[in-house]
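The values are calculated or read from the model by the stated rules, or taken from the named source; none is laboratory data. Values in this document were obtained by computation on a predicted structure and should not be read as measured data. Glycine gets a Cβ as well: all are built from the backbone with ideal geometry, and neighbour counts include every protein chain shown.
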């Protein structure tokens, strides 16, 4: 059922109207994403990367340009495209397996196959034994795993991830990045990850799309031709990271290395990543 | 602790004759009245008719409130046409309805049931409406991603999401209906009921009977709240916290 599709975005623009004033959010985005590819999109807050994802999933409409999946224009949401949001968005009144089952509510497969698929995906995200647990009983990382399983259970062609690990602590985040990579290889589907974490983008992506804000545009596409598993401390890895960072802030690399905190977080309204531990 | 202290004070006050007021009856006399009322069946006659009216009125009022609140929460048209009138009517004190109700329904059971279904109606409507309107946009987006139909959205997202709030309304409705049961017996004096028993006590200056009535009314209210709390905690287990903590 799952055939990884080709996603073609050409001359995509999107604007909001605020009190009669036109506010451009995305301008002239052109991007091709191949079947089975892992594409990371990085950018500071306000560069429209989440809006781009919402357009791809079909939650936002009314845009100029084209978004084509296997040649067909994207209209509204579809079971071919799955999404994991920053918050897990599980329904608190349903157990883990029932939450995952929601992904199959409108799938045209027999009940028995649904049950099997749910079980497989619980195993895929490493949550065997938690089938009947309720969301309040799960940690943030576990809840996000359930959200990943819920998005994958219907075997979509494309999985969109909107800063899925942004609210998790550093250790859990590193672990889930590894898990996500394994799932991507195992399921061989197209994944598009939006993040503000450059390291995460490089660790997972075949290519990193760097976006710049106001209005959101593609600044550069950086290919990541490193073999997996990637070592974050390796020279090549660090070199690409510096390369991306330079695009990001428009400053020479030397100045970026100095403060170890992620400099691109500073102007945003988010907490610095070191404080996110407490969340 | 406080009730116990008050009880000891009461008991000592009557035992050592601190007050000669006929308002102060000794606890023993209240107990004797309790035993007499219970064994003679007097209590059950009053309590049964009060409880019957309470449950009938509550059921009618809460069901109507549920439907009305759901309609108002789900339909903008309904909210815009009927909503303003509803919000005006709910400002009227409940007891201000009594004259109207007695004109329409007389002083009998029908009038009382109508009055206390009105008491249960308002909180259920408001909380049902509130619950439906505060379904998070994030949850609705999840439903859109999975292509839920309108019916699926309603039964799988909107209703469960609104349930805690609906329960709050039902809980309040239950409390209000019980208060209104007593109110109705005071204001529409005819027939039997635990409130009428207390009125009898007052008129004949049987303070022991009045006090006994107060205790029974309190116990019934407490039990109703307790039952509602447990039903709620059971049905909303997924919240992970027990609401009934007494």
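Determine which member of the set B:86, B:7 is surrounded by 11 or more Cβ atoms within 10 Å (Cβ to Cβ) and more than 26 Å from the chain's Cα centre (by Cα). Reasoning before the result, please.
On the way: B:86 fails: more than 26 Å from the chain's Cα centre (by Cα).
From the options B:86, B:7, the qualifying one is B:7.
Take residue A:67 and tell me if it is assigned to a strand (DSSP E or B), under 24 Å from residue A:177 (Cα atoms), in contact with a helix residue (DSSP H, G or I) (Cβ under 7 Å, 6 or more places away or on another chain) and modelled with pLDDT of 90 or more.
On the way: assigned to a strand (DSSP E or B): yes; under 24 Å from residue A:177 (Cα atoms): no; in contact with a helix residue (DSSP H, G or I) (Cβ under 7 Å, 6 or more places away or on another chain): yes; modelled with pLDDT of 90 or more: yes.
In short, no.
Taking the range A:93-117 only, how many residues are part of a helix (DSSP H, G or I) and in contact (Cβ under 8 Å) with a residue 12 or more places away in the chain?
Looking only at the range A:93-117, we keep the residues that are part of a helix (DSSP H, G or I), and these are A:96-104, A:111-117.
Retained after the next criterion (residues that are in contact (Cβ under 8 Å) with a residue 12 or more places away in the chain): A:96-97, A:99-104, A:114, A:117.
Total meeting the criteria: 10.
Pull up the range A:90-108, narrow it to residues that are within 8 Å of chain B (Cβ to nearest Cβ), closer than 20 Å to residue B:150 by Cα and surrounded by fewer than 19 Cβ atoms within 10 Å (Cβ to Cβ), then point me to the one that is modelled with the highest pLDDT.
Among residues in the range A:90-108 that are within 8 Å of chain B (Cβ to nearest Cβ), closer than 20 Å to residue B:150 by Cα and surrounded by fewer than 19 Cβ atoms within 10 Å (Cβ to Cβ), the one modelled with the highest pLDDT is A:94.
Evaluate the range B:174-195: report whether one residue or more is within 14 Å of chain A (Cβ to nearest Cβ) and in contact (Cβ under 8 Å) with a residue 60 or more places away in the chain. Spell out the reasoning first.
Quick first cut of the range B:174-195, residues within 14 Å of chain A (Cβ to nearest Cβ) only: none.
No, because not a single residue in the range B:174-195 is within 14 Å of chain A (Cβ to nearest Cβ) and in contact (Cβ under 8 Å) with a residue 60 or more places away in the chain.
How about the range B:24-57: which of its residues are outside any helix (DSSP H, G or I) and surrounded by fewer than 14 Cβ atoms within 10 Å (Cβ to Cβ)?
So the first thing to find is which residues in the range B:24-57 are outside any helix (DSSP H, G or I), and the list is B:24-26, B:41.
Selection gives B:24, B:41.
Count, please, the residues in the range B:84-108 that happen to be in contact with a helix residue (DSSP H, G or I) (Cβ under 8 Å, 6 or more places away or on another chain) and closer than 25 Å to residue B:73 by Cβ.
4
For the range A:131-148, state whether one or more residues are within 13 Å of chain B (Cβ to nearest Cβ), part of a loop (DSSP other than H, G, I, E, B), touching a helix residue (DSSP H, G or I) at 6+ places or on another chain (Cβ under 6 Å) and closer than 22 Å to residue B:148 by Cβ.
Scanning the range A:131-148 turns up at least one residue that is within 13 Å of chain B (Cβ to nearest Cβ), part of a loop (DSSP other than H, G, I, E, B), touching a helix residue (DSSP H, G or I) at 6+ places or on another chain (Cβ under 6 Å) and closer than 22 Å to residue B:148 by Cβ.
Say whether the condition of being in a helix (DSSP H, G or I) and either modelled with pLDDT under 85 or in contact with a helix residue (DSSP H, G or I) (Cβ under 6 Å, 6 or more places away or on another chain) (or both) is met by at least one residue in the range A:215-234.
Looking for residues that are in a helix (DSSP H, G or I) and either modelled with pLDDT under 85 or in contact with a helix residue (DSSP H, G or I) (Cβ under 6 Å, 6 or more places away or on another chain) (or both), one finds none in the range A:215-234, hence no.
Checking the conditions here, which among B:162, B:143 is touching a residue at least 12 places away in the same chain (Cβ under 8 Å), closer than 17 Å to residue A:89 by Cα, out of contact with any strand residue (DSSP E or B) (no Cβ under 9 Å at 6 or more places or on another chain) and within 10 Å of chain A (Cβ to nearest Cβ)? Break it down into steps so the answer makes sense when it comes.
Values: B:162 fails: within 10 Å of chain A (Cβ to nearest Cβ).
The match here is B:143.
List the number of the failed condition for residue A:77; all other conditions in (1) away from every other protein chain (no Cβ under 14 Å); (2) assigned to a loop (DSSP other than H, G, I, E, B); (3) within 22 Å of the chain's Cα centre (by Cα) hold.
That leaves (1) as the condition not met.
Counting residues that are modelled with pLDDT under 90, which helices (runs of 4 or more DSSP H) fully inside the range B:85-168 reach at least 3?
Working: elements: B:97-105, B:109-133, B:137-145.
Answer list for the range B:85-168: B:97-105, B:109-133.
What number goes with the only condition from (1) crowded, with 22+ Cβ neighbours inside 10 Å; (2) within 27 Å of residue A:49 (Cβ to Cβ) that residue A:124 does not pass?
Answer for residue A:124: the failing condition is (1).
If you scan the range B:169-195, which residues turn out to be assigned to a helix (DSSP H, G or I) and farther than 18 Å from residue B:95 by Cα?
Scanning the range B:169-195 gives B:169, B:170, B:171, B:194.
Quick grid of which residues meet (1) crowded, with 22+ Cβ neighbours inside 10 Å; (2) more than 30 Å from residue A:81 (Cα to Cα):
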{"residue": "B:104", "(1), (2)": "no, yes"}
{"residue": "B:119", "(1), (2)": "yes, yes"}
{"residue": "B:160", "(1), (2)": "no, no"}
{"residue": "B:164", "(1), (2)": "no, yes"}
